[in-house]
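As structure tokens, the structure follows; a few thoughts come after it.
The values are calculated or read from the model by the stated rules, or taken from the named source; none is laboratory data. Remember, predicted model here, so these are calculated numbers, not experimental data. Here the Cβ is made from the backbone with ideal geometry for all residues, glycine too, and neighbour counts use every protein chain on show. For the accessible areas, the whole protein counts, side chains as well, though only heavy atoms, and no ligand, DNA or RNA atoms are used. Shrake-Rupley method; radii C 1.70, N 1.55, O 1.52, S 1.80 Å.
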Number of protein chains: 4
Amino acid sequence: MNVELSRQISELRESVARLHGELTRYGLVAWTAGNVSARVPGHDLMVIKPSGVDYDDLSADNMVLCDLDGMPVEGELSPSSDTAAHAYVYRAMPEVGGVVHTHSTYATAWAARGESIPCHLTAQADEFGGEIPVGPFALIGGDDIGKGIVSTLTGHRSPAVLMRNHGVFTIGRTARAAVKAAVMCEDVARTAHLTRALGQPVPMAQADIDALYDRYQNVYGQRSSPPANS
Amino acid sequence: MNVELSRQISELRESVARLHGELTRYGLVAWTAGNVSARVPGHDLMVIKPSGVDYDDLSADNMVLCDLDGMPVEGELSPSSDTAAHAYVYRAMPEVGGVVHTHSTYATAWAARGESIPCHLTAQADEFGGEIPVGPFALIGGDDIGKGIVSTLTGHRSPAVLMRNHGVFTIGRTARAAVKAAVMCEDVARTAHLTRALGQPVPMAQADIDALYDRYQNVYGQRSSPPANS
Amino acid sequence: MNVELSRQISELRESVARLHGELTRYGLVAWTAGNVSARVPGHDLMVIKPSGVDYDDLSADNMVLCDLDGMPVEGELSPSSDTAAHAYVYRAMPEVGGVVHTHSTYATAWAARGESIPCHLTAQADEFGGEIPVGPFALIGGDDIGKGIVSTLTGHRSPAVLMRNHGVFTIGRTARAAVKAAVMCEDVARTAHLTRALGQPVPMAQADIDALYDRYQNVYGQRSSPPANS
Amino acid sequence: MNVELSRQISELRESVARLHGELTRYGLVAWTAGNVSARVPGHDLMVIKPSGVDYDDLSADNMVLCDLDGMPVEGELSPSSDTAAHAYVYRAMPEVGGVVHTHSTYATAWAARGESIPCHLTAQADEFGGEIPVGPFALIGGDDIGKGIVSTLTGHRSPAVLMRNHGVFTIGRTARAAVKAAVMCEDVARTAHLTRALGQPVPMAQADIDALYDRYQNVYGQRSSPPANS
């Protein structure tokens with residue numbers, strides 16, 4: 001392994017370990033049930049959480065380096081039991097640099113009812129460009145979850161999918177963008193839940209949703225920084 | 001820039017940066033979606049959060065100094081994407097010294113339904129003097145949000161407006177007062193939601209609401225301190 | 001003031017300041033809207049939170065010593081705007097050593113509907129001995145709130161009253177016991193809310209409620225410690 | 001007492017004290033109302049929380065060592081008032097190494113309605129293998145609670161039981177496994193509540209639940225670590 005690749009992997013191990021702290025900060029995960037991964041750009045490799053390890057105990061050192069079939073290529077820890085799904089997404093969607101999985105409460109309740117989250121909030125239009133869609137029910141252990149994610153999100157504006165009776169998967173150009181999508185998915189799922197609990201939202205015009213999405217993807221954030229979703 | 005103005009701006013940078021900590025402490029914001037600003041008293045200037053920067057990374061140094069058209073006058077960071085709305089409020093309402101924007105969950109659910117929050121709590125009578133009103137739907141990017149805030153709050157007791165399908169804007173004589181209004185707005189929105197979820201509140205007499213509002217604005221807090229809303 | 005009384009007051013200042021930390025820890029209060037007081041045993045004196053001061057800034061030094069008419073007898077800070085209600089309780093109920101006031105969310109929602117919380121949980125039977133009652137609506141500024149608390153709680157097992165359209169007052173033999181009652185009041189109000197949100201609770205037999213209450217008041221906790229409620 | 005047993009007990013005191021921190025971290029307990037115990041493997045002994053002691057004040061030293069009739073065999077503190085229930089479980093279920101009791105809010109609301117939590121989530125299938133059952137109402141003070149736990153959980157996949165009008169008891173091969181079950185029980189109770197609040201969940205096939213349960217019990221986590229539930 002050359003020096004540049006080693007450095008790249010070291011940085012991603014550090015960043016993926018640290019990003020799990022956002023999942024706990026926003027209360028998106030209980031016990032060990034949620035994970036973040038990042039593609040190693042330009043290589044058929046990814047860095048992902050080890051299986052069943054406490055969030056408090058995560059560090060750059062115990063992140064697992066896998067190939068894009070989900071097989072560990074370094075170290076002794078088993079990768080997350082969701083590794084096959086992450087790997088499938090990286091194989092099928094070359095523009096994706098990060099994947100996140102959670103069972104965040106409000107979003108998962110929509111997933112359990114098999115309902116997509118309709119767009120009635122400017123914050124949802126900004127980040128998701130419209131509804132957050134439902135993906136199929138799929139068993140863990142093969143490529144079914146990965147296929148369900150990819151078939152739902154391909155050609156869709158939303159970086160988040162609600163996998164039926166299961167939970168949330170989000171994608172992004174970077175792991176940080178995917179984590180942001182997971183945080184915002186739960187935030188809008190919660191607001192949408194509360195809205196509906198006492199009545200019906202006022203509809204938003206499709207043209208307004210389009211205008212908000214376009215602006216947010218192109219204007220928000222610092223010009224000198226990576227793009228909005230990073 | 002003279003010494004006195006420099007000192008004033010330094011203090012406001014410090015205070016505005018720190019006040020964002022109240023937004024996270026009370027769970028009013030997710031990721032970077034909320035902002036605080038303060039007018040520089042006696043000058044056509046304001047201090048506001050930079051766009052898309054994490055709350056953990058805010059400091060006096062990265063706050064952005066803008067004129068009251070929302071144009072940065074110092075530094076290299078872009079100001080919050082909501083700067084135009086803040087600036088419009090300062091231009092139109094000279095008594096306002098601070099503005100806050102959040103998408104706090106319960107308040108935003110009322111906003112998504114286009115429903116004002118009726119006053120059935122002494123705490124709401126104290127701080128808001130009655131209902132918390134709904135403002136119009138408005139797209140970001142021009143003066144529409146600012147106009148909606150100003151037209152709704154002018155002549156209204158409430159320092160908070162629920163912008164339809166969007167979120168909350170609050171005003172105050174100081175940034176701290178506007179932050180307090182944002183905290184109390186979510187608090188009463190949550191209690192009002194839960195009240196309605198299982199039935200109907202007992203109505204309060206208008207005379208009682210008036211008496212509570214009058215007393216709170218004039219008596220609460222320390223005599224030697226700034227007025228109640230500060 | 002003799003040495004023994006000075007020592008007693010110092011300890012109560014310390015303990016009352018610190019007990020406010022339990023109100024924030026359990027999320028019972030927003031901004032400065034909640035307060036704890038303690039009677040100085042054997043004297044017509046009480047120690048209470050200053051008005052409008054942040055919870056982060058409370059210390060033994062800024063607690064306010066008042067007589068039982070609610071008038072400050074030391075220092076320059078104004079006491080809590082709820083001091084008259086606390087003082088009335090101490091004058092009317094000699095067995096009470098501590099009083100707490102909050103607007104905790106779920107309990108206040110029951111108060112806004114004017115509904116007492118029926119007893120369907122062993123934890124409520126333990127601490128409250130049955131339902132948590134509703135008190136009258138009363139304006140701040142005289143003895144009306146104090147009278148409402150005392151008339152509702154006199155001869156009642158519950159150490160908590162839901163003041164209509166307002167919030168919670170709790171009493172205890174010590175300030176710590178009153179804080180515990182405030183914490184448990186919100187806890188059972190929340191569980192009772194969620195229970196009712198999806199259906200009806202299974203009724204509990206009065207004899208079971210009585211047995212639980214009797215046991216908890218007499219057996220729970222450490223024998224060598226103060227009684228259960230302390 | 002021999003050296004090996006002393007060491008074993010010391011480690012369990014440390015671990016049981018520390019595991020209470022997970023109950024507070026996940027908000028499963030208010031004030032002192034929840035407890036963890038561990039069996040001393042190979043001996044008729046258990047380690048359990050002292051009664052009425054604050055979670056902040058727990059340490060290895062104040063944990064109480066009891067025999068399996070629930071009688072303290074060391075030290076001066078009284079054990080948890082729920083000790084009899086823990087002890088009954090250890091006597092009746094030799095495979096159980098840890099027991100946890102909480103009144104966690106959402107799970108207790110299901111218990112107050114006397115409703116088991118049906119399985120509509122992959123996370124529930126993983127950990128509980130199907131529904132989380134309701135146990136009988138039982139008064140504290142004898143063996144009734146213990147009998148209710150054992151009769152409900154014997155031969156059941158679920159490590160958690162919702163004791164009617166009371167709260168949650170969970171079991172595990174270790175205290176840590178029982179704590180995990182308590183955390184996941186509240187997590188699925190909350191998601192199931194929110195799911196039902198706005199409609200009905202999509203049913204899951206029994207074969208899918210069986211496949212998920214089987215896989216999670218046998219594959220999840222690190223091969224070199226204790227089994228999944230540890």
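Using a 1.4 Å probe on the heavy atoms of the protein chains only, list every residue of the range B:130-167 that has 50 Å² or more less accessible area in the complete assembly than in its chain alone.
SASA drop of 50 Å² or more in the range B:130-167: B:PHE137, B:LEU139, B:ILE140, B:ASN165.
With equal scatterers on the alpha carbons only and no solvent term, can you work out the Debye log10 of I(q)/I(0) for the range C:52-138 at 0.12, 0.18, 0.20 1/Å?
Reported log10 I(q)/I(0), two decimals: -0.53, -1.01, -1.11.
To make sure I understand the rule: partners must be lysines, Cα under 24 Å from the Cα of C:LYS49, and not fewer than 8 residues away in the same chain. Which ones qualify?
By straight Cα distance, C:LYS49 reaches B:LYS180, C:LYS147, C:LYS180.
List the residues, sorted by chain then number, that are 5 or more residues from D:SER104 or on another chain and whose placed amide H is less than 5 Å from its amide H.
D:VAL168
Which is the longest run of chain B containing none of the GluC sites (Glu not before Pro) found in DSSP loop states (not H, G, I, E, B) with at most 15 other C-beta atoms within 10 Å?
With a cap of 15 other Cβ atoms within 10 Å, the longest stretch comes to B:96-230.
Only Lys, Arg, Asp and Glu count, each charged at its Cβ (+1, +1, -1, -1), so figure out the dipole size of the protein assembly as shown about its Cα centre, rounded to 20 debye.
The dipole magnitude comes to about 1240 debye.
Indicate the gyration tensor shape class of chain D (rounded, prolate or oblate), computed on the Cα atoms with a ≥ b ≥ c the square roots of the eigenvalues: a/c under 1.5 is rounded; otherwise a/b larger than b/c is prolate and the rest oblate.
On the way: a/c = 1.88, a/b = 1.50, b/c = 1.25.
Prolate is the answer for chain D, as a/c is 1.5 or above and a/b outweighs b/c.
Mind telling me which of C:HIS103, C:HIS20, C:HIS120 comes out most flexible in a GNM of chain C, alpha-carbon contacts under 10 Å?
Result for chain C, Cα springs under 10 Å: C:HIS120 fluctuates most.
Please give the Cα centre distance for the range B:73-117 versus the range D:135-207, rounded to the nearest Å.
The range B:73-117 and the range D:135-207 have Cα centres separated by 45 Å.
Rounded, prolate or oblate: pick one for the protein assembly as shown, where a ≥ b ≥ c are the square roots of the eigenvalues of its C-alpha gyration tensor, a/c under 1.5 means rounded, and failing that, prolate if a/b is larger than b/c, else oblate.
oblate
Can you work out the accessible area per residue across the range D:140-222, with the rest of the protein chains kept in place, probe 1.4 Å, in square angstrom?
34
Whose Cβ in chain D comes nearest the axis that rotates D onto B, and by how many Å?
That would be D:ALA197, 5, residue then distance in Å.
Quantify how strongly other chains surround peptide B:87-97 by giving the mean number of their Cβ atoms within 10 Å of each of its Cβ atoms.
Taking the mean over all residues of the peptide, I get 0.
Between chains A and B, what is the buried accessible area summed over both chains (1.4 Å probe, protein heavy atoms, nearest 100 Å²)?
About 2900 Å² of accessible surface is lost on pairing.
Rounded if a/c is under 1.5, else prolate if a/b beats b/c, else oblate: with a ≥ b ≥ c from the C-alpha gyration tensor eigenvalues square-rooted, which is the range C:141-220?
The shape class here is oblate.
Check which residues have an amide H placed less than 5 Å from B:VAL29's amide H, if you skip close sequence neighbours.
Counting only residues 5 or more places away or on other chains, the set is empty.
How many partner chain Cβ atoms sit within 10 Å of a residue's Cβ in peptide A:107-120, on average, as a whole number?
Working: counts 2, 10, 13, 4, 7, 14, 9, 5, 4, 0, 0, 0, 1, 6.
Mean shielding by partner chains, rounded to a whole number: 5.
Which is farthest toward the positive dipole end of the protein assembly as shown among B:PRO136, C:SER15, D:LEU28, measuring Cα position about the Cα centre, with Cβ charges +1 (Lys, Arg) and -1 (Asp, Glu)?
Result: B:PRO136, furthest along the dipole toward the positive end.
How many percent of the accessible area of chain B is carbon or sulfur, using a 1.4 Å probe?
Working: 4040 of 8250 Å².
Carbon-and-sulfur percentage of accessible area, whole number: 49.
Give the average, rounded to an integer, of partner chain Cβ atoms located within 10 angstrom of each Cβ in C:178-191.
Shielding by partners across C:178-191 averages 3.
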